[in-house]
Amino acid sequence: MQAALHPYIDVHAHIGQTVSRSRPIGQDLARYMARMATSSVHAAIISPTAGGPQSRGVLDTKAQNLEIAEACKAFPDRFPVGLGIVEVRHQRAGVDELERSIREDGLLGFMCHPILSGHALEEELNPFLEVVHAHGGLCLLHLSGTSAKIAAYAKRYPDIAFIIGHASMSREVEQDIVEHCGSADNIWLDLAQKPDPEEDLWTLHELVSRVSLSRVMFGSDAPYYDYRRVQHLIENSSLSESEVVQVASGNATILIRKFKPHWELPMAAVEAPTGHPDNDIWITNGRRLT
Ligand SMILES: [Zn+2]
C-alpha cells in the first residue's frame, strides 16, 4: 500500500500493552514512531492502551500515564498533547492520579475505554470529568451504547473538548452520533477504523455532510489495526482536496492549538527508529483493516 499523500495528525493513538485480552497486543513508542514514519503521520495525540497491566492497581495507571508524559516531553513537536487513562475501580485514587498527571506531568485529560475500564459513561465518570473541566482539557471517549451519554457530558462540561473515537465504525454508530452530537461544538469525531469490508459503503462523505466537517479528524486506534487503509479511503474519497487536508491534519491542528497555541505541525516525516523492519510493524491482530 502506498504512503498517504498528505501529512496526517493521528488524534487516537495508544502506547502500551493491552494484556486483558488474549492475545495481548500493544506497541511501544519506538514501534509507533516506526509506523508513523512510513504512513505520513507527522504528529499524534497519544494515550495509554486500555486493558493494560493492573497488578499494582493505580500505580500501574501512574506508570502508563508517565510513559505518555515522557513521550510528550521527548518529542513535543510530534506529541503536543498527551492523555492519561482512567479505571472505574480506582475510584478516588484514580481521580487523584488523574489530577496529579495533569498538574505534574502536563497531560491534558484522559482516554476512557468503557468496555476495558469498567465504565458505563454515566455518573461514575463525573469525578474524573470535573478534574479535566477545572483545567479546561480534552477527553477521548470510546462509545458505550448511545452517544447521547457523551452529548450529556458535553453539555454539562462545556470547557472540555471531547473526541468520540471510531465515529465511522458502522452506519448505525454514525447515525447515532449525528442525531445526538451533530450540533455540539465541543464534540469532535475521529475516523479510527472503517466498517468491515462487507460494509461496502463507507460513509465519510455522508458523515461530513451531516456534521460539521471542521470537527472530523483522522485517528488510527494504533496499535490494533493497520490504519493505512483508512488513510487510503480518505485520500480516495469524494471529498475535495481542501476537505481532505482538513480531515487529515487541519481540524486536529485547530483542536491542538486550543491547548498549545504556538504548536506547528512538522512538515518533515518522523524519522523511523531502527530495528523495526517494514513487514513487521504492520502486523496486527484486529479483525478490521487487516
Ligand atoms: Zn482506541
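List of remarks:
- Relative packing of 210-220, 167-177, which averages over residues the other C-beta atoms within 10 Å, highest first: 210-220, 167-177
- 13 Å beta-carbon shell around Asp176, net charge (K/R +1, D/E -1): 0
- Shape of region 106-239, Cα gyration tensor, a/c cut at 1.5: prolate
- Each part reduced to its alpha carbon centroid, region 229-250 and region 1-46 end up 18 Å apart.
- Peptide packing: for 38-44, 101-107, the average count of neighbouring Cβ atoms within 10 Å per residue gives the ranking 38-44, 101-107, highest mean first.
- Total lysine pairs whose alpha carbons fall under 30 Å of each other in the chain (8 or more apart, or interchain): 15
- Here's how it looks for Ala192: its modeled amide H is under 5 Å from those of His166, Ala167, Ser168, Gly219, which are all 5 or more places away or on a different chain.
- Taking the helices alone, the chain has a mean residue ellipticity at 222 nm of -10500 deg cm²/dmol, built from -39,500 (n - 2.57) per DSSP H run of at least 4 residues and averaged over all its residues.
Read-outs: derived from the displayed coordinates by stated rules, not from any lab. No experiment lies behind these values; they were computed from the predicted model shown. Methodologically, a virtual Cβ is constructed for each residue, glycine included, from the backbone with ideal geometry; neighbour enumeration extends over all protein chains shown.
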